[in-house]
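*Asks:* Pasting in a structure now, in structure tokens, and then I'll have a few things to ask.
The values are calculated or read from the model by the stated rules, or taken from the named source; none is laboratory data. Just so it is clear, the structure is predicted and the values come from calculations on it, not from any experiment. Cβ: placed from backbone, ideal geometry, glycine included. Neighbour counts: every protein chain shown.
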Amino acid sequence: MLKENGEQSLKTFAETAYPPTVTEITSGIYHVMGYAHSNSIIIEAENSVILIDTFETDARAVKLKKIIANITEKPVKTIIYTHGHPDHRGGAGVFSDTVEEVIAFAPMKPVLGRTDELNDILNKRSSYQFGYHLSDDEVITQGIGIREGLVVGEGKRTFFPPTTVYKEEKVNRTIDGIRVELVPALGETDDQIFIWLPDNKVLCCGDNYYGCFPNLYALRGSQYRDVSAWVESLNLILSYPAEYVLPGHTKPLIGRNHVQEVLSNFRDAIEYVLTETLKGMNKGLTIDELASIITLPEKLDKLPYLGEFYGTVAWTVRSIYNGYLGWFDGNPTNLNKLPPKTHAAKMLDLIGSEEKTITEIKKALEDQEAQWAVELCDLLISAEREIKIAKQLKSEGLMAMSKLETSANGRHYYIAYAKELLEN
């Protein structure tokens, strides 16, 4: 979201959200945070270690291996992936010398056919979202963790493919004396699970909770993240008598009452956005109208674990709209719109001249109306008129907006795109 001092708010969040910490949750269970982009959970079993997620690179997983060695001499024999995102499993290969089983779940929804034909654009947009090509000075945080090791010279991804892939609704096992319940839970990914340790009242929730407003839509692009299913997954998590909830990013939740309070508010925030969006859609409001008017109620908006530092309410609204109704907003004007170049040229002719448009852009930037400025720049760029100055001014506008953006993802996108405009 854009707000005054948005960049500073993000800095403040990053300074406190994931300090490097190894927390002994209960006897034999450790939550490891801040040594990589994602967290890891160490469970000391009778004769071995069960590891939940493995950091994102081999170099960082080596650090994790040393942390384990400081706790116990027992080898890691079992790895459980909470989901398939590479930041949670890219270090798994480091444990290949001792691991006997790697457990994961199949996606509950199939990947759209021919998605691999979009690899180029998905990779490009991912680099924008995560700031992969930005310097450390330009990147305050990667949102819910420190920068990935891959982009700061700390190793490479060394995946270890699952040896056991479940499709069941629930799996109960005893692994080297530790009772575990593995439960698929749609949310940030379609293969997301949580792990319940009944003897310790510990629940490992993966990425279905972390300490800021969730990424209900990824700017890099992805299949629709089912917001209603995410709410139901949180309801399911809340039904367990957990005294400790260990997320895949940010700090653990400790204490039964604290767990219930935080997860209930987290769920309520997501459900509120879903409900209000659906209500507005049903009344015929457009996607832009809804994104501009729906905000969290005050009692939720001020909670420290619902700050819009990763996902945002507005992007969630837009995703829900497209997920339920698709691209058409109901206005027949938009059924067969003019090509962008034609529309832009006609708008510039209506304004009067390219020079007048450039003057208005500069005035908008001076008046701190950067969004209006970049929209005017797009007219010039689409019409292929005064492209060089338009790109320069748009870059300036995007950099101004990055100062207002609270979301690390949005901020990275503004800065990366602004730099590319000048390079081109």
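*Asks:* Test G187 against the stated conditions and say whether it is closer than 25 Å to E44 by Cβ and among the small types (G, A, S).
*Replies:* Details: closer than 25 Å to E44 by Cβ: no; among the small types (G, A, S): yes.
Considered against the rule, which asks whether it is closer than 25 Å to E44 by Cβ and among the small types (G, A, S), G187 comes out as no.
*Asks:* Let me ask something else about it. Within region 1-29, can you find the residues that are crowded, with 22+ Cβ neighbours inside 10 Å and in contact with a Ser or Thr (Cβ under 7 Å, 6 or more places away or on another chain)?
*Replies:* L10, A17, Y18
*Asks:* Answer yes or no as to whether V165 is in contact with a strand residue (DSSP E or B) (Cβ under 8 Å, 6 or more places away or on another chain), assigned to a strand (DSSP E or B) and under 29 Å from L303 (Cα atoms).
*Replies:* Details: in contact with a strand residue (DSSP E or B) (Cβ under 8 Å, 6 or more places away or on another chain): yes; assigned to a strand (DSSP E or B): yes; under 29 Å from L303 (Cα atoms): no.
It is false that V165 is in contact with a strand residue (DSSP E or B) (Cβ under 8 Å, 6 or more places away or on another chain), assigned to a strand (DSSP E or B) and under 29 Å from L303 (Cα atoms).
*Asks:* Working only within region 39-57, note down all residues that are surrounded by 24 or more Cβ atoms within 10 Å (Cβ to Cβ) and not β-branched (V, I, T).
*Replies:* If the condition is that a residue be surrounded by 24 or more Cβ atoms within 10 Å (Cβ to Cβ) and not β-branched (V, I, T), then N39, S40, L51, D53, F55, E56 are the ones that fit.
*Asks:* Please name all residue pairs, on different chains or six or more residues apart, with Cβ atoms under 9 Å, provided the first residue is in region 406-423 and is farther than 22 Å from S382 by Cβ and the second residue is assigned to a helix (DSSP H, G or I) and at pLDDT below 95.
*Replies:* none
*Asks:* In addition: From L376, L393, L422, which residue is assigned to a helix (DSSP H, G or I), more than 23 Å from the chain's Cα centre (by Cα), surrounded by fewer than 18 Cβ atoms within 10 Å (Cβ to Cβ) and not small (G, A, S)? Don't jump to the end; show me each part of the working.
*Replies:* Details: L376 fails: surrounded by fewer than 18 Cβ atoms within 10 Å (Cβ to Cβ); L393 fails: surrounded by fewer than 18 Cβ atoms within 10 Å (Cβ to Cβ).
Just one listed residue meets the conditions, L422.
*Asks:* Of all residues in region 172-195, count the ones that are over 19 Å from V102 (Cβ atoms) and in contact with a Phe, Trp or Tyr (Cβ under 6 Å, 6 or more places away or on another chain).
*Replies:* 2
*Asks:* If I filter region 231-250 down to residues being out of contact with any Cys (no Cβ under 8 Å at 6 or more places or on another chain) and among the aliphatic types (A, V, I, L, M), which single residue comes out as surrounded by the fewest Cβ atoms within 10 Å (Cβ to Cβ)?
*Replies:* The initial filter retains those residues of region 231-250 that are out of contact with any Cys (no Cβ under 8 Å at 6 or more places or on another chain), namely 231-236, 238-244, 249.
From what's left, among the aliphatic types (A, V, I, L, M): 231, 234, 236, 238, 242.
Values: V231: 22, L234: 23, L236: 15, L238: 17, A242: 24.
So, considering only residues that are out of contact with any Cys (no Cβ under 8 Å at 6 or more places or on another chain) and among the aliphatic types (A, V, I, L, M), the one surrounded by the fewest Cβ atoms within 10 Å (Cβ to Cβ) is L236.
*Asks:* Take T333 and tell me if it is part of a helix (DSSP H, G or I), under 30 Å from Y18 (Cα atoms) and β-branched (V, I, T). First the steps, then the outcome.
*Replies:* Working: part of a helix (DSSP H, G or I): yes; under 30 Å from Y18 (Cα atoms): no; β-branched (V, I, T): yes.
For T333, the condition - part of a helix (DSSP H, G or I), under 30 Å from Y18 (Cα atoms) and β-branched (V, I, T) - is not met.
*Asks:* Would you be able to tell me the number of residues in region 119-150 that are of a type in the set (S, T, N, Q) and surrounded by 20 or more Cβ atoms within 10 Å (Cβ to Cβ)?
*Replies:* To start, the set of residues in region 119-150 that are of a type in the set (S, T, N, Q) comprises 119, 123, 126-127, 129, 135, 141-142.
Now restrict to residues that are surrounded by 20 or more Cβ atoms within 10 Å (Cβ to Cβ): 129, 141-142.
Selection size over region 119-150: 3.
Yes/no matrix, rows are residues, columns are (1) basic (K, R); (2) within 24 Å of the chain's Cα centre (by Cα); (3) over 18 Å from N235 (Cβ atoms); (4) assigned to a strand (DSSP E or B):
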{"position": "R173", "(1), (2), (3), (4)": "yes, no, yes, yes"}
{"position": "E181", "(1), (2), (3), (4)": "no, no, no, yes"}
{"position": "L186", "(1), (2), (3), (4)": "no, yes, no, no"}
{"position": "D191", "(1), (2), (3), (4)": "no, yes, yes, no"}
{"position": "W196", "(1), (2), (3), (4)": "no, yes, no, yes"}
{"position": "D199", "(1), (2), (3), (4)": "no, no, yes, no"}
{"position": "C204", "(1), (2), (3), (4)": "no, yes, no, yes"}
{"position": "P214", "(1), (2), (3), (4)": "no, yes, no, no"}
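*Asks:* Follow-up question, since we're still on this one. Give the number of residues within region 239-256 that are within 24 Å of F13 (Cβ to Cβ) and not β-branched (V, I, T). So that I can check it myself, show each step before the final result.
*Replies:* Our first condition is that a residue be within 24 Å of F13 (Cβ to Cβ); within region 239-256, this holds for 244-255.
If we keep only those that are not β-branched (V, I, T) too, we end up with 244, 246-249, 251-253, 255.
The total comes to 9.
*Asks:* How many residues, within region 126-185, are aromatic (F, W, Y) and not assigned by TED's automatic domain parsing to the domain that holds F213?
*Replies:* Filtering region 126-185 down to residues aromatic (F, W, Y) leaves 128, 130, 132, 159-160, 166.
Cutting the leftovers down to not assigned by TED's automatic domain parsing to the domain that holds F213 gives us 128, 130, 132.
Selection size over region 126-185: 3.
*Asks:* Does E100 meet the test of being under 30 Å from A370 (Cα atoms) and among the acidic types (D, E)? Spell out how you get there, then give the answer.
*Replies:* Values: under 30 Å from A370 (Cα atoms): no; among the acidic types (D, E): yes.
When the stated conditions are applied, E100 does not pass them.
*Asks:* Name the helices (runs of 4 or more DSSP H) wholly within region 251-312 that hold at least 3 residues that are surrounded by 20 or more Cβ atoms within 10 Å (Cβ to Cβ), out of contact with any strand residue (DSSP E or B) (no Cβ under 6 Å at 6 or more places or on another chain) and not small (G, A, S)? Lay out the reasoning, then the answer.
*Replies:* Numbers: elements: 256-282, 287-293, 298-301.
Where helices (runs of 4 or more DSSP H) fall fully within region 251-312 and carry at least 3 residues being surrounded by 20 or more Cβ atoms within 10 Å (Cβ to Cβ), out of contact with any strand residue (DSSP E or B) (no Cβ under 6 Å at 6 or more places or on another chain) and not small (G, A, S), they are 256-282.
*Asks:* Check region 74-95 and report whether any residue there is free of Cβ contacts under 8 Å to residues at least 24 places away in the same chain and either outside the structural domain of I41 (by TED's automatic domain parsing) or among the acidic types (D, E) (or both).
*Replies:* The initial filter retains those residues of region 74-95 that are free of Cβ contacts under 8 Å to residues at least 24 places away in the same chain, namely none.
There is no residue in region 74-95 that is free of Cβ contacts under 8 Å to residues at least 24 places away in the same chain and either outside the structural domain of I41 (by TED's automatic domain parsing) or among the acidic types (D, E) (or both).
*Asks:* Residue under question is E384, and the condition is that it be modelled with pLDDT of 95 or more and out of contact with any helix residue (DSSP H, G or I) (no Cβ under 9 Å at 6 or more places or on another chain); does it hold?
*Replies:* Values: modelled with pLDDT of 95 or more: yes; out of contact with any helix residue (DSSP H, G or I) (no Cβ under 9 Å at 6 or more places or on another chain): no.
So E384 fails the test.
*Asks:* Going by what's in this entry, would G153 be described as under 18 Å from the mean Cα position of the chain (by Cα) and part of a loop (DSSP other than H, G, I, E, B)?
*Replies:* Values: under 18 Å from the mean Cα position of the chain (by Cα): no; part of a loop (DSSP other than H, G, I, E, B): yes.
Answer is no for this residue.
*Asks:* Now for a separate question. List the pairs whose first member sits in region 313-339 and is free of Cβ contacts under 8 Å to residues at least 60 places away in the same chain, whose second member is in a loop (DSSP other than H, G, I, E, B), and whose Cβ atoms are under 6 Å apart, counting only residues at least 6 apart or on separate chains?
*Replies:* V317/I294; D329/T286
*Asks:* Out of (1) in a strand (DSSP E or B); (2) closer than 30 Å to I320 by Cβ; (3) of a type in the set (S, T, N, Q), the odd one out for T141 is which?
*Replies:* Among (1) in a strand (DSSP E or B); (2) closer than 30 Å to I320 by Cβ; (3) of a type in the set (S, T, N, Q), T141 violates only (1).
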